[in-house]
Amino acid sequence: MRWPSVSATAKHSSSALSKFLSVPLCPMDLRGMASNDRRHIQTSVEQLAARTARSYHAFSSGILKRSLDRETAAQLVPLESICKSEFKRCVVLSEMVEPYLKQLDSRAETAKYNEGCVDSVNKSEEDNGGCLQTQFIDMLRDLRPQENLLDVAVNEKCISSPDVNHWISCFCRRRVSWRVIHEHLLHLAEPELYAPVIRSDPCVGPLLQHAGTVVIDLYSRMVQAAHGGSLTITVEERPNLFTCMPEGQLVTSSTAVSPTTQSGVGAQALPSETILSVEGHLAYVFRELIKNACVALMAKVTNMELKVHFATNATHIVVDIIDTAGGLDPNFAEHYWQFGWSTNTSLCQVICGFGLGLPVSKVYMDIWNGQIDIYTIRGSGTTVRVTFPKAPVEALLPEVNTSP
């Protein structure tokens, strides 16, 4: 059987967009995804198309039309083109998935009852219009992004408006969930070639130790020669974190800044023996927060020391990252979660980046019902507290104006 090319789906794109915009989004459940059950493939393909449809449709948002001048809007055209192309591929993938699964079932039955005939059956299927399994996996591979879309979306003009910052944050949130489902599908389809996207850890301590090691290595290679001194990061378990609030004033929280999930929305955290997470998400958050604390200290002292404390109960993890860099100015709190906002000097920028760490960390925490709270004591220091469930279920954004 031959399947229509991506370009052949263009004339049907409007009806396909309407179809997949009307498909309700189902929250990702990491506990269920960790089972690596191939029966999830059909639902995952449908969810992939539904989320791609929303990313593509987001470019018709009134926010963009009101807030962007012609030059800035033109800079987002490549991003829109990427989303449009991905949506067309997802439509083709959705048409392939049912026959693909039937072929898998047929092969499994053939192998079960007539093991010696499998090779001849497979050859017959391949000769009859090509192997559907190969076509399906090739289409999944073609969907793998070739570039970081944040590099396309985030620039000085695009982040100057709070409305556009909100739009970019929502877009990134959809994009992250899309990437998780896509990588999970690749693993389900070809587990020998693609690693699981869901990881399981018995304790958060080693993740924190690794994040600290990465920052120390970065400091040693890129900053120490100019700055001098040393950087020490101490990671300790402190069970009392669940009953003790950090010292100082709460200046901002990721859950208080738009976009937010509606109060009471989402599954209640369930007990878990292990910590389930998406590969790379927690590592990114811990690394960026430790780097931020390191940068704050660099302006104050030469020999730097950071403390990282953590606690675990049946359902949640709490992590405190503590510095003694003199505290934060509450007047800047509204900017901390904005894409591209930074107070870094050129030296600090080498280690800390370009104003993406906190907003992207917020995106990761928002998706998985976690939060980042920043407490500070002027003249003393800052504690950044991260709280997240051990077996998270995705928190979906409210659906608004999805009709094309």
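Strictly over 30 Å apart at the Cα level, which of Lys102/Lys390; Lys300/Lys390; Lys300/Lys362; Lys84/Lys362 would you flag in this model?
Working: Lys102/Lys390 35 Å; Lys300/Lys390 36 Å; Lys300/Lys362 27 Å; Lys84/Lys362 26 Å.
With Cα atoms farther than 30 Å apart: Lys102/Lys390; Lys300/Lys390.
To the nearest 20 Debye, how big is the dipole of segment 201-389 about its Cα centre, given +1 on the beta carbon of each Lys and Arg and -1 on that of each Asp and Glu? Walk me through the numbers on the way to the answer.
On the way: 9 positive and 15 negative charges, 69 e Å.
Using only the charged Cβ atoms, the result is roughly 340 debye.
Could you calculate the contour length gain from Thr315 to Gln224, that is, 0.36 nm times the residue separation minus the distance between their Cα atoms, to one decimal place in nm? Don't jump to the answer; show the numbers that get you there.
Working: separation 91, 0.36 × 91 = 32.76 nm, distance 3.96 nm.
Gain on extension, Thr315 to Gln224, equals 28.8 nm.
Order these by the 10 Å Cβ neighbour count, fewest first: Asp320, Asp201.
With the fewest neighbours first, Asp320, Asp201 line up as Asp201, Asp320.
Compute the separation of the alpha-carbon centres of segment 188-204 and segment 76-102 and state it in Å as a whole number.
Taking the Cα centre of segment 76-102 as reference, the centre of segment 188-204 is 24 Å away.
Please report the net charge: other residues with Cβ closer than 14 Å to the Cβ of Thr232, K and R +1, D and E -1. List each step's numbers first, then the result.
On the way: positive: Lys307; negative: Asp217, Glu236, Glu305, Asp323.
Local charge sum for Thr232: -3.
Would you please report the Å³ per residue occupied by the convex hull of the alpha carbon atoms in segment 201-389?
113
Counting other beta carbons within 10 Å of each Cβ, put Arg51, Arg107 in order, fewest first. Numbers along the way, then the final one.
Working: Arg51 23, Arg107 15.
With the sparsest Cβ surroundings first, the list reads Arg107, Arg51.
Every number in this text was worked out from the coordinates using simple rules, so none of it is lab data. Note that the structure is a prediction, hence the values are computed from the model and not measured. So basically every Cβ, Gly included, is an ideal-geometry build from the backbone, and we count neighbours across all protein chains shown.
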